[in-house]
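**Q** Below is one structure. I have some questions about it.
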2 protein chains.
Amino acid sequence: MFESINTNVCKKNEFTSEEIEYFNTILQYKEVPKKTLLLQEGDICNFEAYILKGCIRKYYINENGFEVIVQFAVEDWWISDIASFHEKKPSKLFIETLEDCQLLILTPETKEMLLSTVPKFERIFRLLIQRNLSAMQNRLIDTIAKSAQEKYLEFIKLYPTIPQRVAQHYIASYLGISAEFLSKVRTKLAKQ
Amino acid sequence: MFESINTNVCKKNEFTSEEIEYFNTILQYKEVPKKTLLLQEGDICNFEAYILKGCIRKYYINENGFEVIVQFAVEDWWISDIASFHEKKPSKLFIETLEDCQLLILTPETKEMLLSTVPKFERIFRLLIQRNLSAMQNRLIDTIAKSAQEKYLEFIKLYPTIPQRVAQHYIASYLGISAEFLSKVRTKLAKQ
DNA sequence: TTCATTTCTTGTCCTAGTTCAATGCTTTAC
DNA sequence: GTAAAGCATTGAACTAGGACAAGAAATGAA
């Protein structure tokens with residue numbers, strides 16, 4: 001059960017087997033059916049979830065009811081609202097399972113225990129956030145500088161498995177274009 | 001000279017005066033004239049700069065020569081390409097002073113020294129990145145979900161001092177709209 | 001003070017992408 | 001197995017914002 005998280009998170013063998021074992025005892029296994037809201041606007045996010053199996057979306061609904069998908073997460077990704085989790089403040093986001101999911105959970109308490117027991121994990125999580133920030137920055141740049149078609153091609157190149165798993169209108173919402181226009185882009189591409 | 005960085009970075013008095021003093025000896029003071037490139041695409045970013053005085057922009061130029069401003073930074077902000085800095089890989093970004101600047105610099109070496117000597121700083125820098133990530137996420141959402149006028153109003157609300165200091169076309173580039181259209185938005189707002 | 005450079009504005013025309021509505025196609029739920 | 005709901009596609013009409021061009025205003029350098 002822990003193989004994937006151990007190889008993914010503790011990649012470069014900076015950890016002793018005791019440390020990894022401790023890490024594994026800290027994690028809470030959880031199964032969640034599809035279409036479950038793990039977090040709602042206004043809640044304080046009390047988890048960081050590593051996905052063993054399944055697919056999840058994180059999204060924002062603005063004052064006009066307009067929905068923007070902030071992140072898709074599949075196997076071996078983490079999902080959380082970090083700001084809400086760390087600062088214990090109400091989230092502005094929703095997190096919903098799109099498929100039945102198997103998760104490994106850290107809570108604020110267990111994460112705190114982990115970090116104070118094995119401080120080397122600080123670095124792991126900092127790298128995680130850092131990579132997140134880079135990815136978010138690249139996405140912002142693409143959102144501003146690229147056409148709908150370019151964004152879609154970039155998306156399927158970067159996340160080739162996701163289009164097969166999630167409804168197309170979610171991808172449109174992630175890319176910041178209308179579902180109808182994405183459909184038109186796709187038929188145009190198919191004709192070439 | 002160090003007052004502002006000490007109150008800003010070490011806010012909650014988690015540090016002893018020796019620790020703060022050590023922090024200050026680590027920082028390198030630097031003056032840079034306006035219109036200086038601190039980082040170019042392809043360089044490895046070797047600094048995290050805290051701005052004592054001045055104004056800086058960080059930007060990306062895509063394959064079509066299209067420019068996107070990723071960040072403005074003024075007094076009491078940090079600026080760097082974190083990904084390039086930490087992973088020592090070539091940057092895709094440019095960083096340029098817009099005014100004469102006074103900076104306090106961390107290099108990979110001095111930061112490493114700081115963190116190994118006073119590990120509590122790990123937390124400070126993690127919080128910094130975390131807030132950065134939140135801000136970037138909000139900006140992405142606004143970029144997708146808001147009209148040009150809404151984005152501009154949001155911008156001047158969030159960063160009221162910046163419009164007086166930087167050329168308008170830079171703000172347009174930050175917002176992801178053309179300079180001409182921003183001008184039209186502004187004249188429309190002025191008429192109301 | 002002047003000439004040059006950069007920035008801002010305004011107008012015209014154009015297009016990428018939106019909105020709305022209709023239709024058919026897939027899932028899902030009993 | 002069928003009804004209902006959710007999805008994807010297509011077309012027609014519309015619009016926010018872009019591209020280009022030309023002039024005005026501001027800034028700066030000598």
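Here, each number is a calculation from the coordinates, and none is a lab measurement. The structure displayed is predicted, hence computed values, not measured ones. Glycine also receives a Cβ, built like all others from the backbone with ideal geometry; neighbour counts cover every protein chain displayed.
**Q** Which one of A:5, B:178, A:162 has its Cα pushed farthest toward the positive end of the charge dipole of the protein assembly as shown, where Lys and Arg give +1 and Asp and Glu give -1 at the Cβ?
**A** The residue sitting most towards the positive pole is B:178.
**Q** Would you mind giving the three semi-axes, in whole Å and largest first, of the ellipsoid equivalent to the stretch B:59-116 according to its Cα gyration tensor?
**A** Working: eigenvalues 112, 58, 12 Å².
They are 24, 17, 8 Å, listed from largest to smallest.
**Q** Lysine pairs, Cα distance under 29 Å, 8 or more residues apart or cross-chain: how many in the stretch A:77-192?
**A** 18
**Q** Return the equivalent ellipsoid semi-axes of the stretch A:1-62 as a descending list in whole Å, where each equals the square root of 5 times an eigenvalue of the C-alpha gyration tensor.
**A** 28, 13, 12
**Q** Additional query: What gaps in nm, shortest first, separate residue A:42 from its twins in the other copies when you place the label 7 Å past Cα toward the beta carbon?
**A** Label point to label point, same position, other copies: 5.5 nm.
**Q** Tell me the volume per residue, in Å³, of the convex hull enclosing the alpha carbons of the protein assembly as shown. Could the numbers behind the result be given before it?
**A** On the way: hull volume 63.6 nm³, N = 384.
Considering the Cα atoms of the protein assembly as shown, their hull volume per residue is 166 Å³.
**Q** Compute the FRET efficiency between residue B:110 and residue A:190 as 1/(1 + (r/R0)^6), taking r as their Cβ-Cβ distance and R0 = 35 Å, and round to the nearest 0.05. Intermediate results must be reported in sequence, preceding the final value.
**A** Numbers: r = 55 Å, r/R0 = 1.56.
In this case the efficiency is close to 0.05.
**Q** Restricting to DSSP loop positions (anything but H, G, I, E, B) with no more than 11 other Cβ atoms inside 10 Å of their own Cβ, which trypsin sites (Lys or Arg not before Pro) remain in the stretch B:22-118?
**A** Values: sites: B:30, B:34, B:35, B:53, B:57, B:58, B:88, B:92, B:111; in loops: B:34, B:35, B:88, B:92.
The qualifying sites are B:35, B:88.
**Q** Still on this model: Only Lys, Arg, Asp and Glu count, each charged at its Cβ (+1, +1, -1, -1), so figure out the dipole size of the stretch A:27-144 about its Cα centre, rounded to 20 debye.
**A** On the way: 15 positive and 17 negative charges, 62 e Å.
Around 300 debye, computed over the stretch A:27-144.
**Q** What ³J(HN,Hα) values, in whole Hz, does the Karplus curve 6.51 cos²θ - 1.76 cosθ + 1.60 give for the stretch A:63-76 when θ = phi - 60°, with x put for Gly and Pro?
**A** Going residue by residue, I get 4, 8, x, 7, 9, 10, 7, 8, 7, 9, 9, 10, 3, 6 Hz, with x marking Gly and Pro.
**Q** Something else about it: Does anything in the stretch A:90-105 have its amide N under 19 Å from the 7 Å Cα→Cβ label point of residue A:35, and if so which residues?
**A** Once the point is set 7 Å along Cα→Cβ of residue A:35, A:94-102 turn out to lie under 19 Å by backbone N, inside the stretch A:90-105.
**Q** In whole Hz, with x marking every Gly and Pro, tabulate ³J(HN,Hα) for the stretch A:154-162 from phi via Karplus 6.51 cos²θ - 1.76 cosθ + 1.60, θ = phi - 60°.
**A** In residue order, the calculated couplings are 4, 4, 5, 6, 6, 10, x, 8, 5 Hz.
**Q** Right, something else. Could you quote the convex hull projected area for the stretch A:107-192, Cα atoms only and averaged over all directions, in nm²? Show your work: numbers first, answer last.
**A** Working: hull surface 29.6 nm².
Seen from a random direction, the Cα hull of the stretch A:107-192 projects 7.4 nm² on average.
**Q** At 37 °C and 0.692 mPa s, grab the translational diffusion coefficient of chain B from Stokes-Einstein with a Kirkwood Rh over Cα pairs, rounded to a whole number in µm² per second. Before the final figure, lay out the partial values.
**A** Numbers: Rh = 18.0 Å.
The calculation lands on 182 µm²/s.
**Q** With θ set to phi - 60° and the Karplus curve 6.51 cos²θ - 1.76 cosθ + 1.60, what are the ³J(HN,Hα) couplings of the stretch A:163-176 in order, to the nearest whole Hz, using x for Gly and Pro?
**A** With coefficients 6.51, -1.76 and 1.60, one gets x, 6, 10, 10, 4, 4, 5, 5, 5, 4, 5, 5, 7, x Hz.
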